[in-house]
Each structure stands twice: as structure tokens, then as C-alpha cells.
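Just so it is clear, none of the values below were taken in a lab; they were calculated from the coordinates. Just so it is clear, the model here is predicted, and its values are computed rather than measured. Glycine gets a Cβ as well: all are built from the backbone with ideal geometry, and neighbour counts include every protein chain shown.
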Amino acid sequence: MAAVQQLLVSPSPAPAPVPSQRIASQSAESGSMDVDSSASNDPVMIDSGLMKGAPQTGDARIVVIVYGQGQDNVVSVFAEVLGKPVKLKQHFKDVDREDEGFVIGLPLGDAKQDVEERDQQLLVAINAHCVDLGMPPDLHLSIHCDYEFLYTQTPFSRRDLARFISFTLGQTSPHSQLMAKSRTFFISTTFPDVHAALPNLDILTVGADAVEIRVDLLREPQGDGAFSDIPSLSYVGQQVMLLRQRTELPIIFTTRCTNENGKFPMDKPDLYYDYLYRAVQWGVEYIDVELWLPEQIRKKLYENRGNSRIMSAFHDFSGTFKWPSQYAQDVFVKSKQYADIVKMIAIINDHNENFELEYFRSKIKAEYPDAPPLSAVNMGEIGQFSRTLNTVFSPITHPLLPIIAAPGQMSTAEINGALALLGQLPKKYFYGISSAAARNIAPRAPFYEKCFNELGLPHQFAVVERQHNNPAGIQAWCNQRDFGGAYLDPGLSYQTIMRHNPWFATLQNGKGPILSEAAQGIGIIDTIVVKPAASGLNATPPSYDGALPPGGQPGLTSNTSLVFDNASWRGILSTLTRDLAPSAYFDRTAVVLALTADDAAPVFFALKALKMSKIYTVGFRTPSTLARNAPPIEQFISMESLQRARSVADNRAPFVIISALGRGKSNIVGMLLRVFGEADPEASSNTKKVFLNLAEAASHQKNDPVAVAEQSGFTAYDAADVAAFTTVESLRLLVGQNVPYSFVRLASGRNLF
Ligand SMILES: O=C1C[C@@](O)(C(=O)O)C[C@@H](O)[C@@H]1O
């Protein structure tokens, strides 16, 4: 306890992180650390635009779960994931305003009687069906509930439930995040049975931003060696469930018709509605809706799409389609009416028609600036060139797939290889600038190399060691003609980088590097992204007279700028929301233990994104600049303040404990875990508290914080979880490619499943 007291009363000083370039120069001038304890009472709220892609409050209606016989337990899991208490009732009519803030469970038999008359303004109805009990679910409930969650009991995928409920309630929005990327790909799986894809799914989806399930290609066995003409909704539901349990990627649900290279019959258009609307109810992120379908079906799907996004699809196999024609433009105009993405795909006869498509693309952009994004490619070998140029949801294949989904499809590696040959993807040098200690905790270099290979990227990657206390020399790696980007592990404060690497200040004609929103809010830079600047062509090349790294070509080219970014906060956010919906954190409090404010800064930003209402700190003081971008802060400076936090009403008592304290301090972390982990009989929700250990794992040791947390009733995550999610984010920032979290874990020797 003496050690605790000592730590609590003697916080270590911390350099002030910098929330903006302007503030950066001010505090750099003053040179002093700005410690502000009053900031805790009067936090300055950040711009809403500051957290693009951050969780949203979403659907505020009462969540009602209809459960099957003997399945009332699933209601508690929903409640736990949402961070709400549970109530069991009988009928929809029993649910009223007093139930706001609860998750309500209704037994199937009773719920069925009045599901149609329910108050849709008040509640959102989810039919939870355990497929182990048999398929299909009760049809009446399937049709009339807002959503349907299909699950297996063993294994039960909590991650799938968290993702389903966060998405359907609008707390997460994968579409807006994907559309912010400069290039997106989706892999068209062509398996007759998703089971066949599962063993290779991690590797298959490297480079993909979404996975398409070609429902029309699924083959449902009939038992006598035959297959049904079209797979039943029961079969399709289970296939989607299986896929979703095994990938974190958004799913595209496609029922491709016989006329457009698919197998779905065209004689009953209503059948499409039944399948596609059910996919909306299953919480599938993207629904492919073919343009030939009657307008009333397309309109109805668009209007009832919930949080799913509609990809309008048009394929022309006639060989007479012409991109410069009025017809092509009419197709676009008709498509965009009920679409979030417009897909147009055609067979061409001449290579030049690829250029016509490019002209069409730019014309559409200019004439319909507010229209949904266009994804357009040509089929066949002759059309492959267009597949390298399309940037919105390019369909890709993989050598491990049984067949290609359309003539001319290419893999990500082939597309990148082609771009490299065409000079569109020049070889660049990427660096992992890390301290020896960081490299030991989570070696990222072999993984980067693996990804570059797998993605067919021509780049080269090298790890360079930074002396622990010497932040100088970073500029030497960046000021090279072929510099591609770098991650810094650990990150460094903006001020520190700028102070010790004066060359950065010369960028952009003296304006310095660009700071991303996250970097501004956090003040710690862990990713340096190269951005070709449109206006940079006339810029003066920045000069540099320092030593160059071996083999480096002097001088970052003048038409590029550098973006200082932060990927760690997203790693933290993704870890915290892997098994819980964001709402489990909304308005609750956290404890953050660290030796310096720098270590805590990305945590604060993530907790702000999770709309947490207060942070208690241990071990450091929070500079006002950092407090501005965080929930209100109170420092634990005595045992009394700790006791106070412990005795407040349940909702205000700390729900998350995040520690960046190293091994030497694990007894302090353990003490706090025991103090706050005790079960609270008054608890207003049954959600287990969360512990995140950002420090090096000290497993098999006495006082291992993760073990103590689990014994004290916490769900615990460690630095490796965050490192994997952070790597996903930094790859996305540095090379614009998505690599699934599960692949990162696999590549680092730990399988997630
Ligand atoms: O729409 C498309 C595009 C595609 O037809 C192609 O050309 O790659 C492949 C299909 O699976 C997908 O649904």
C-alpha cells in the first residue's frame, strides 16, 4: 500500500501533447508543461468533426429480444453487450416508456401474438434464433421483427453479436469509414458452401475491405446427392451467420440473376425482395440490388434498408454496351435513385473502351457531384485495365477460390502488380522506427513484409532503431525521394519530433507537416503518412543538410506532403469494442494508469470517442491541452478520492481500467483492480467490467494484471490485442490496404478463433 500512496501523491511530470499546430508553436515557445487540474471541471468539447468514424449514439428505442424456448440467456448477453440491465416480459404490449434503458426479453410464443401491433416508435424488435434448435426460425417473427439474429450456442460468438447489434442500432457505420478510403476492394467468394472458405478466410481476405457472399452460387444439398434449385432462406441464413462469425469484414449479399452471370432465376422478382430484405434484417452491411428489378422493389428495399447500404448492380454482357452512349448515362441516373453505391459492369470489345470508361467516370463525377460513388469496370481480359483504375469497391478474386466470379477478375496482388508496372504504384521505402523495447513487445517488421508480399506491393520495409532517449534522426528517414511512410513505436509527441527534427518545419513552404484530426487531439504521432499533394507540383523542394540513411536518395519529392497521424487510439477503440457495443461505455467512467500523459493520450481520445463521462487518472497529471480532447478528468491523489470514486452510484463507478504501467508497478494495478472489481449488488447492468493492459504482458508472474483482472471479474485484454488492431490501422493509413485483424493475429502466431 505504501507504494500506492507514493505513486498517487507523486505524479510524474509529462510533456504537454499538442492539439494543433497553432497551439504547438505557442507551447513550444513557452517551453513549460501546462498542468491544469481545473480542466477536469470545465472540459472544452471538441468539434464533432474531430472523430470521423467514431461510434454514434444510434437508435435510442428500447431493444426487445424475442427468444426461443430455453434461450432466455441470450437476452442477458444482448444486455451485457449493450451495457444495459435486463427485464423479462411476456408480450410486446407489456413494454412501455418505463422500460427505457433496459433490454427486454419476450418469449417467442407470446411475442408472436402481438408483434405486428407493436409500437415501432418505442421499440426495436429483434428475433434471436438459435440455429442449433433447428431451422427455419418462426416465419411470422422473421417477417415482422425489425431484425433477426441467428446464432449457434457452441461456439457462441459474442464478437458477432457485438458487431450485429452495434451495426443494426447504428452505433457503428462501416460505410462512412470505407468511403473515406482512397481505394476499396471486395472479394467475391464463389464457394457453394461457406464452410469450404473458413480455413483460408484470413488469407483470402487480405487486401479486401468487404466479402461478397454470392448467394446464387450457394448449393444446398437435398440429401439424395441433389441440390435445390435455389438455396432456401434457412440455408442462406446459416451460411451468412457462419461467414460473419469468422470475419470482421462487412459482408455484401448478392443474388446475381441468370442474365448477369449468376444463377438466381428471374421469373419471380418478389423472391429477390424476400432474400434481400431478410439480409437487411440479418444486419448485412451491403445489399446488392440489380437494376432490372421492378422499381417498386428497388424503392422499397432502399427505403427499408435500415443501416445496410444498397449497391445498385448493372451488368451488360451483350457486347454492344458503349460507355460514351446516352444509354450508359441513363443507366447511371436510374441506378443512383435507390443506391448508396452504383455498380456498372460491361463486356467490351476494344482496349480503348477502357479509356471511354475513364472518361465516363470523370464525367459522372463532374455532372453528378452529389451522386453515390460509382464502381465501374469492364469484364474479360481486355477489360482488366479498368479493374486497375477503378477505386470504389473493386471486385477481386483470390487464387484459393474455386472459380472466378466474372471474366477478367484479378486478385489484389495482380492489381497492385499491374499498377506497379504502369508506374502508378512506384516502389517506396517504409520504416518502422522503434525502440528496442517496443520491438521486443510486438515485433511488427516480419508482419509488414508478409503483407507487402501477400498484397503484391513493390515496396520495401525496414525497421530502424531509435535510441530510447533520442528522438532526433527521424527526419533522415523521411527526407528521401522514395520515402513511403513510417510508423513510430512508441509514438512521440509532436513537440518532441519538431524540436529535434527541424527539417519537418520546412515542409509545405514552412507550414510544416499536416496533422490529422486524431494527431491534433492526441498530440502523439505514431504514423507518418506520405500524401501526394495536388498543389504541391510548384512547391519548393524542402532542403536538408543532415546525414542520410544508408542507400537513401536525398530529398522528399516536392509534390508530396507528410501527414502526422495517430493509429493507436483506433487500436484501443477497436479492442474495447470487440466484444461490447460502444453503448456499453457511453456515459460511464474509466481509470487510466500511466507514468506520463504521453502514454495516456491515445487512451483519452478513444474514451472520448466512446462518450465516456469521466476519467480518473493515476500516476500522471493531465496537461490542459490534452484535457480539452478528453472527458472530464479527476486525478486520484489520495485514498479518499479513490474511495469516493468507489462509492458513487454504480453507473458512475469506474467501468474500465486501462493501465500503461509496466511490470514494476503491477502491484498498484492489481490493487486498483481488486478495489474496483468487487461485485456491486446494486449494479444496474450485468456487463462485466473491462481491463486493458497496455504494458508488456507479464504472464506467469505473480501479480500479472491480466490474471488479477480476470480473478476480480473483469474481461481483460492485453497489449497484443491493441497492437494487432493498431497494425491494421497503420497499414490502412500507410499503404491504403485493409488487412483483417485475424490475419495480423495469425501472422503473429496467435490464432483468434
Ligand atoms: O458485381 C460484381 C462484379 C463482378 O461481376 C465482376 O465483374 O467482378 C463479380 C460479382 O461477383 C460481383 O457481384
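For the range 279-335 and the range 215-247, what is the centre-to-centre distance using only Cα atoms, to the nearest Å?
24
If you average the sequence gap of Cα pairs under 8 Å that are 6 or more apart and divide by the length of the range 182-421, what percent do you get for the contact order?
Once normalised by length, the contact order is 19 percent.
R0 = 45 Å: FRET efficiency of Gln460 with Glu303, Cβ-based, nearest 0.05?
Working: r = 50 Å, r/R0 = 1.11.
That pair, Gln460 with Glu303, gives E of 0.35.
Could you work out the relative contact order of the chain? I mean the mean sequence separation of Cα pairs under 8 Å and 6+ apart, divided by the number of residues, in percent.
Over the chain, the number comes to 16 percent.
In whole Å, what are the extents of the range 360-441 along the principal axes defined by its C-alpha atoms, from largest to smallest?
Between the extreme Cα coordinates on each principal axis of the range 360-441 lie 52, 38, 24 Å.
To the nearest 0.05, how large is the calculated FRET efficiency for Gln222 and Asp72 if R₀ is 35 Å and r is the Cβ-Cβ distance? Kindly include the intermediate steps, with their values, before the conclusion.
Numbers: r = 35 Å, r/R0 = 1.00.
E(calc), rounded to 0.05, equals 0.50.
Can you give me the long-range amide H partners of Ile62? Hydrogens built in the peptide plane at 1.01 Å from N, cutoff under 5 Å, separation of 5 or more residues or another chain.
Amide H neighbours of Ile62, under 5 Å, 5+ apart: Leu123, Val124.
Give me, ordered by chain and number, the residues 5 or more places off Tyr616 or on other chains with an amide H under 5 Å from its own placed amide H.
So Tyr616 has HN proximity to Ala590, Val591, Val592, Glu634.
Which order, highest average first, do 354-366, 232-244 follow once you tally other Cβ atoms within 10 Å for each residue and take the mean per peptide?
With the highest mean Cβ count within 10 Å placed first, the list reads 232-244, 354-366.
Which residues' amide hydrogens lie under 5 Å from the amide hydrogen of Phe691, considering only partners 5 or more residues apart or on another chain, with H built in the peptide plane?
So Phe691 has HN proximity to Ile657, Thr715, Ala716, Tyr717.
If we count other beta carbons within 10 Å of each Cβ, what is the order of Phe264, Phe156, Phe191, fewest first?
Phe156, Phe191, Phe264
³J(HN,Hα) across the range 347-361 via Karplus (A = 6.51, B = -1.76, C = 1.60, θ = phi - 60°), whole Hz, x for Gly/Pro?
For the range 347-361, the Karplus curve yields 8, 10, 10, 9, 4, 4, 5, 5, 6, 5, 4, 4, 5, 4, 4 Hz.
Please turn the phi angles of the range 336-345 into ³J(HN,Hα) values with the Karplus equation 6.51 cos²θ - 1.76 cosθ + 1.60 (θ = phi - 60°), one per residue in order, whole Hz, x for glycine and proline.
These are the phi-based 3J(HN,Hα) values: 5, 4, 10, 8, 9, 9, 10, 10, 10, 9 Hz.
Counting helices only, and only those DSSP H runs with n ≥ 4, report the 222 nm mean residue ellipticity of the chain as the sum of -39,500 (n - 2.57) divided by its residues, in deg cm²/dmol to the nearest 500.
Value at 222 nm, helices only, nearest 500: -9500 deg cm²/dmol.
Would you order Trp503, Trp282 from fewest to most other beta-carbon atoms within 10 Å of each residue's own beta-carbon?
Details: Trp503 18, Trp282 23.
Ascending number of Cβ neighbours within 10 Å: Trp503, Trp282.
For the range 150-167, just list the computed ³J(HN,Hα) in residue order, Karplus coefficients 6.51, -1.76 and 1.60, θ = phi - 60°, integers in Hz, with x standing in for Gly and Pro.
9, 9, 10, 7, 10, x, 9, 9, 5, 5, 5, 5, 4, 5, 4, 6, 5, 6
So between Glu100 and Leu400, what do we pick up on full extension, going 0.36 nm a residue minus the alpha carbon distance? The partial results should precede the final answer.
Values: separation 300, 0.36 × 300 = 108.00 nm, distance 4.88 nm.
In short, 103.1 nm is gained.
Could you tell me the center-to-center distance, by alpha carbons, between the range 565-582 and the range 127-201 in angstrom?
So the separation of the two Cα centres works out to 20 Å.
Give me the tail of P(r) for the chain as a percent: Cα-Cα pairs with distance above 42 Å.
That tail contains 33 percent of the Cα-Cα pairs.
Pick out, in residue order, every one of the trypsin sites (Lys or Arg not before Pro) in the range 378-476 that is DSSP loop and has at most 15 other C-beta atoms within 10 Å; say none if there are none.
Lys427
Expressed as a rounded percentage, what relative contact order does the range 62-168 have, with Cα pairs under 8 Å and six or more residues apart?
29
Would you please state the base-10 log of I(q)/I(0) at q = 0.16, 0.19 1/Å for the range 289-354, with intensities from the Debye formula using one equal scatterer on every alpha carbon?
Reported log10 I(q)/I(0), two decimals: -0.56, -0.73.
Give me the extension gain from Gln121 to Asp270: residue separation times 0.36 nm, minus the current Cα-Cα distance, reported in nm with one decimal.
Taking 0.36 nm per residue and subtracting the Cα distance, the gain is 50.9 nm.
Rounded to the nearest 0.05, what FRET efficiency do His140 and Asp587 have when you use their Cβ-Cβ distance and R0 = 30 Å? Please report the intermediate quantities before stating the final value.
Details: r = 37 Å, r/R0 = 1.22.
About 0.25, to the nearest 0.05.
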